[in-house]
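This report refers to the structure that appears directly beneath it.
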Amino acid sequence: MTAQPKDSSARRGTPDATRRNEASRRAIVTAAFELVGEVGYAKLSIEGIAARAGVGKQTIYRWWPSKGAVLFDAFLMFTGDQAPALPDTGDLEADLKTVLRATVEELNDPRFDEPMRALNTEILHDPALAAVYAERLDGPMKELKKQRLRAAQRAGQLSEAVDLDVAIDLLWGPLLNRWLQRSGPLTSGYADAVVETALNGLRPHA
């Protein structure tokens, strides 16, 4: 059995080691985010990420099971994984238009286009990554959306009978579909039209 340096265990968990680990993790996710924009997801590799980050492959595999998992953490780091609550000015239509216009801006941002497309593709093929995505990002975001729609129900701006999961799909689904399929221009005007069309069917009727 190979003897370990006497101070190796002592160094684990020390402030210096923690800082080095954090620096390595940041270098890795930054490298993944940059490389996927340069070479595309198909050519992205753990070897390439390790070389760009200046670490060994084993360092990456110690923290992530796949390049898709690295990319997901990179996406969270650069976009933020703590989303704020949706605005509630009392005007549901105006608030939803504000949020969907912001979504359009994010989807059109060239810095995030390739990473987001790659992440969406990988989620389709990796059930484990899909579960992590649902737990850490999609699920919390859906709950924030539901909170805003529940407030609108309490204010009488949405029918109490509306299925909020379906309502969310009606509002955000068209933007994501148009972006993924590149089936038409993704503009603030389109976002406004989606909100208006959806609300015409979701509002309570006399």
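The values are calculated or read from the model by the stated rules, or taken from the named source; none is laboratory data. None of these values were measured; they are calculated from a predicted model. Cβ: placed from backbone, ideal geometry, glycine included. Neighbour counts: every protein chain shown.
Numbers at a glance
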read-out	value
Residue match in the range 148-168 (condition: under 25 Å from S66 (Cα atoms) and surrounded by fewer than 14 Cβ atoms within 10 Å (Cβ to Cβ))	no
Residues satisfying the stated conditions in the range 178-206, i.e. in a helix (DSSP H, G or I) and hydrophobic (A, V, I, L, M, F, W, C)	W179, L180, A191, A193, V194, V195, A198, L199, L202
Residue in the range 121-129 that is in a helix (DSSP H, G or I), touching a helix residue (DSSP H, G or I) at 6+ places or on another chain (Cβ under 6 Å), at pLDDT 90 or above and of a type in the set (G, A, S) present	no
Tabulated pairs, the range 103-121, first assigned by TED's automatic domain parsing to the domain that holds L35 and loosely packed, with under 14 Cβ neighbours inside 10 Å, second at pLDDT below 90 and in a helix (DSSP H, G or I), C-beta under 6 angstrom, 6+ apart or interchain	none
Unique residue being modelled with pLDDT under 95 and either in contact with a helix residue (DSSP H, G or I) (Cβ under 7 Å, 6 or more places away or on another chain) or more than 18 Å from V36 (Cα to Cα) (or both) when the list is D109, D88, D81, D113	D81
